[in-house]
Amino acid sequence: MILQGKLSFETRGRGTLSITAAIREQVRLSGVTTGLCHVFLQHTSASLILCENADPDVRSDLDRYMTRLVTDGDPLFDHTDEGPDDMSAHIRTILCGHDLTLPVTDGQCALGIWQGVYLWEHRSAGHRRNLAITVSGE
Amino acid sequence: MILQGKLSFETRGRGTLSITAAIREQVRLSGVTTGLCHVFLQHTSASLILCENADPDVRSDLDRYMTRLVTDGDPLFDHTDEGPDDMSAHIRTILCGHDLTLPVTDGQCALGIWQGVYLWEHRSAGHRRNLAITVSGE
Amino acid sequence: MILQGKLSFETRGRGTLSITAAIREQVRLSGVTTGLCHVFLQHTSASLILCENADPDVRSDLDRYMTRLVTDGDPLFDHTDEGPDDMSAHIRTILCGHDLTLPVTDGQCALGIWQGVYLWEHRSAGHRRNLAITVSGE
């Protein structure tokens, strides 16, 4: 049993957007009891991550850490046509990932109690971000 | 054919714990001949990684590298209530990952000859870490 | 329905090699219409990544960024027997990943328009790199 769907989200520039509820709903709708849910972001300048879901400071600390680690407009970069945040966004995506595979148990996403699913926009401007969701199992 | 189970490990603080044998055993017990084994850590301050399995220096170099890259108690962090190693542990988890998908071939984990599976505790103190394992295939 | 195969590539030292066409072909040959394609690198010093596929500067910027972030011959490293680029290659692999899970839709890899699949050699010298490919679905 395999079900595939799409979701789109509008981001508002650099920062994280909680999508845990939307992913949990896709799993419920699939009817899969035991299996896996794969969530795939079809972009190269945003990430999908699991992150601590209780204190919003975790996500702002994380974003500021990555902004310092991968500097916008780094003079190292030759790929600059789309602005100082473009090449840094590509690197952030490769370091932090673009997809998630989540266990499905008893018909639900078997996340840990502190794990939330976040779409993380790496560009300064907002973008429409498309996700392909595949739920498989029994 | 899909089988799901759980494993728990007690860590002893920051550092790596080899769990290759335990994962290989779960694959054998599943009876799956050709497929995939997904191992998922239900936490936001520890990682699951594949790492070189021959020289223990690789894992200690890796851990010291990450300790330098993501500094405990970095003044950048606002999320400090749980100690100086907590926010750094969340960032290490996002950079290094929390799950693995391994091919199953001829009833066995098809790891490369130098690939070992490690549970990597990022917190200073030991913790009980829970894993959800899903083996699927034929 | 699950199909598993192998691919090998000869790299020419540090840098990226586009393997999008080879992966797309494996998906087509599998006959799977809806599902997932898992591509797994059986090594600890090279990566599989999705990266922007239009401007080659993105990949050269990325490689130079990682060369600066994870310094060859860093005096921190004890694991030095195989040369100054070996321990840095292991760390690059852990930070950037060793596998990809791609959605299969209408019999094709459902990559975003700017996403290309790259094998990224982290060692200075060329190596033969083996991949296990598992396509599952209906």
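Comparing mean-square fluctuations of A:G35, A:G73, A:G15 from a GNM of chain A with C-alpha springs under 10 Å, the top value falls on A:G73.
Charged neighbours of B:R123, selected by a Cβ distance under 13 Å, balance to -3 (K, R count +1; D, E count -1). Label-point distances for A:A21 to the equivalent site in the other copies, using a point 7 angstrom along Cα→C-beta, read 4.7, 4.7 nm when ranked shortest first. With axes computed from alpha carbons, what is the tilt in degrees of helix B:20-30 against the longest principal axis of chain B, rounded to the nearest 10 within 0 to 90? The angle comes out near 40 degrees. Label zone of C:E138 (point 7 Å out along Cα→Cβ, amide N under 19 Å): in segment A:9-32 this covers A:26-32.
With bins 10 Å wide beginning at 0, the percent of Cα pairs of the protein assembly as shown falling in each bin runs 5, 23, 36, 28, 8, 0.
Over all Cα atoms in chain C, the spread is summed up by Rg and Dmax: 15.9, 51 Å. Scoring A:112-123, A:87-98 by mean Cβ neighbours within 10 Å over their residues and listing the highest first yields A:87-98, A:112-123. To the nearest ten degrees, helix B:86-96 and the longest principal axis of the Cα atoms of chain B are 40 degrees apart. Distances between copies at B:D81, taken between label points 7 Å from Cα along the C-beta direction, are 4.8, 4.8 nm in increasing order. Other protein chain C-beta atoms within 10 Å of residue C-beta, averaged over A:88-99: 6. Each principal axis of the Cα atoms in segment B:78-138 has its own extent, and those three values, largest first, are 48, 23, 19 angstrom.
Distances, shortest first, from the label point of C:G107 to those at the same position in the other copies read 3.6, 3.6 nm; the point lies 7 Å along Cα to C-beta.
Bear in mind these aren't lab numbers, they're just calculated from the coordinates by the rules spelled out. Everything numeric in this text was worked out from a predicted model, so none of it was measured. All Cβ positions, even for glycine, are placed from backbone atoms using ideal geometry, and neighbour counts span all protein chains on display.
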